[in-house]
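K.L.:
Below you'll find the structure I mean.
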Amino acid sequence: MKEQQFIAALNSALQINLDNGITVNPVMGIKLFSAKAEFARLYSLLSVGGKSKKVKKDKKLFKLLEKAGVYRDGEVSVVSVGEEEITVAEYEAKLAFDCLDMAGILEKYLPLADSFSLTCPYGKNRISEQLAAEALKKVKESAYRQAETEFMGAADEERAKLPSFKKIYADIENEYKAYCRQNSALIEANDGYGCFTDVFSGEREKYNSLDELWHAYSAVDFTGTCEYILEKLKKEQTERPLTEELESDENKALKDNLIKTEVTFVWHCTSSSELSKVFYFKLNDDTVEWLKRFKSDYDLELLEDLAFYKKGKLLFSSCTHERFHSDCTEEN
């Protein structure tokens, strides 16, 4: 790996495994008494023998690596990158994917996809009973699955000491209902967030013998907040068309190719207590031209979080505000 790329990887907080059993870990340091806010690079070298050494500055690091026989002529002998220990080729491929702009994304996914989606906030607008019920059902199912997955990751012998996850989750939901009755003023003041997870952490948890069950408390807390928000929206006076964001002339191609609209707290790249709308569109010449207006998937505004699908299966997922995107083809 080239010297510059090696430093860039370390600056991304990635450990790097080298030949001769050497591992380099980045440690962030700050020059507290500098006139400017500066970062002082600090590295930790760990050998197979278990000996470790703290190293300051790049020049000293490369001198030590050269002495250890893993650095020469601007090249570092890298075996793997990160805790997952991916190869240099895999790391370079990941970097290239991370840097894809809209043209590169379209080149990769146009031959594979038949539709795409974009997301925007629902806003403080009245919601129908049906849409609210669908949104609540979906977020409850998603939160339950995620909490159950965490529970199943615990050791078998620990899970064997407890009731079934279904029973545990139902018990926690009952705890939450009782908590809400006792703390209605707090929940109202916090717009639906009642701090249930925080209050019932540690010794006060009914199921505090297993760390993984914190996620169940968090899931119940989150879905409770979502339900509160939906109840509030049912009473809103303002009512707007569900596809209001598509009504402008510049979005005509999207409106003409709309497949469906989903109101949800959960979509391909995240979950949020802010209710959102996910629009699904046909992928054709007109909608591709609309997408080409943007230099990258991170330049999307209002309608964001681009995703591509093939027969409903997710192929590509982008989170605009967090500025990351993921290839999901291998998952399907």
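K.L.:
Can you go through PHE316, PHE308, PHE294 and tell me which one is over 29 Å from THR225 (Cβ atoms), part of a loop (DSSP other than H, G, I, E, B) and modelled with pLDDT of 95 or more?
P.N.:
Selected residue: PHE294, the only one of PHE316, PHE308, PHE294 that is over 29 Å from THR225 (Cβ atoms), part of a loop (DSSP other than H, G, I, E, B) and modelled with pLDDT of 95 or more.
K.L.:
Any residue in the stretch 73-87 that is aliphatic (A, V, I, L, M) sitting within a Cβ distance under 7 Å of a residue that is open to solvent by 60 Å² or more (accessible area, probe 1.4 Å)? List the pairs, counting only those 6 or more apart or interchain.
P.N.:
Sorted first by the residue in the stretch 73-87, then by its partner, the pairs are VAL76/GLU3; VAL79/ASP19.
K.L.:
Find the residue count for the stretch 297-326, including only residues that are open to solvent by 20 Å² or more (accessible area, probe 1.4 Å), touching a residue at least 40 places away in the same chain (Cβ under 8 Å) and over 28 Å from GLU134 (Cα atoms).
P.N.:
Going through the stretch 297-326 one residue at a time, the tally reaches 2.
K.L.:
Still on this structure, I have one more. Which members of the stretch 112-153 meet the condition of being open to solvent by less than 30 Å² (accessible area, probe 1.4 Å), in contact with a strand residue (DSSP E or B) (Cβ under 6 Å, 6 or more places away or on another chain), under 20 Å from SER276 (Cα atoms) and not in a helix (DSSP H, G or I)?
P.N.:
SER115, PHE116, SER117, LEU118, THR119, CYS120, TYR122, listed by residue number.
K.L.:
Also: Report whether or not GLU173 is without any contact (Cβ under 8 Å) to a residue 60 or more places away in the chain and open to solvent by 30 Å² or more (accessible area, probe 1.4 Å).
P.N.:
So GLU173 fits the description; yes.
K.L.:
Tell me, please, whether a residue that is out of contact with any His (no Cβ under 6 Å at 6 or more places or on another chain), over 17 Å from SER142 (Cα atoms), of a type in the set (Gly, Ala, Ser) and in a helix (DSSP H, G or I) can be found in the stretch 253-265.
P.N.:
Within the stretch 253-265 (the criterion being out of contact with any His (no Cβ under 6 Å at 6 or more places or on another chain), over 17 Å from SER142 (Cα atoms), of a type in the set (Gly, Ala, Ser) and in a helix (DSSP H, G or I)), the answer is yes, since at least one residue qualifies.
K.L.:
Provide a single number: the residues in the stretch 154-170 that are out of contact with any helix residue (DSSP H, G or I) (no Cβ under 6 Å at 6 or more places or on another chain), in contact (Cβ under 8 Å) with a residue 24 or more places away in the chain and open to solvent by less than 60 Å² (accessible area, probe 1.4 Å).
P.N.:
3
K.L.:
Can you tell me which residue within the stretch 219-239, out of those that are closer than 15 Å to LYS277 by Cα and modelled with pLDDT of 95 or more, is nearest to the chain's Cα centre (by Cα)?
P.N.:
The first filter runs over the stretch 219-239 and keeps only residues closer than 15 Å to LYS277 by Cα, leaving 226, 229-230, 233, 239.
Going one step further and asking which of them are modelled with pLDDT of 95 or more, we end up with 226, 229-230, 233.
On the way: CYS226: 19, ILE229: 22, LEU230: 24, LEU233: 26 Å.
Filtering the stretch 219-239 for residues that are closer than 15 Å to LYS277 by Cα and modelled with pLDDT of 95 or more, the one nearest to the chain's Cα centre (by Cα) comes out as CYS226.
The values are calculated or read from the model by the stated rules, or taken from the named source; none is laboratory data. No experiment lies behind these values; they were computed from the predicted model shown. Glycine also receives a Cβ, built like all others from the backbone with ideal geometry; neighbour counts cover every protein chain displayed. Surface areas here come from the heavy atoms of the whole protein model, side chains and all, with no ligands, DNA or RNA. Shrake-Rupley method; radii C 1.70, N 1.55, O 1.52, S 1.80 Å.
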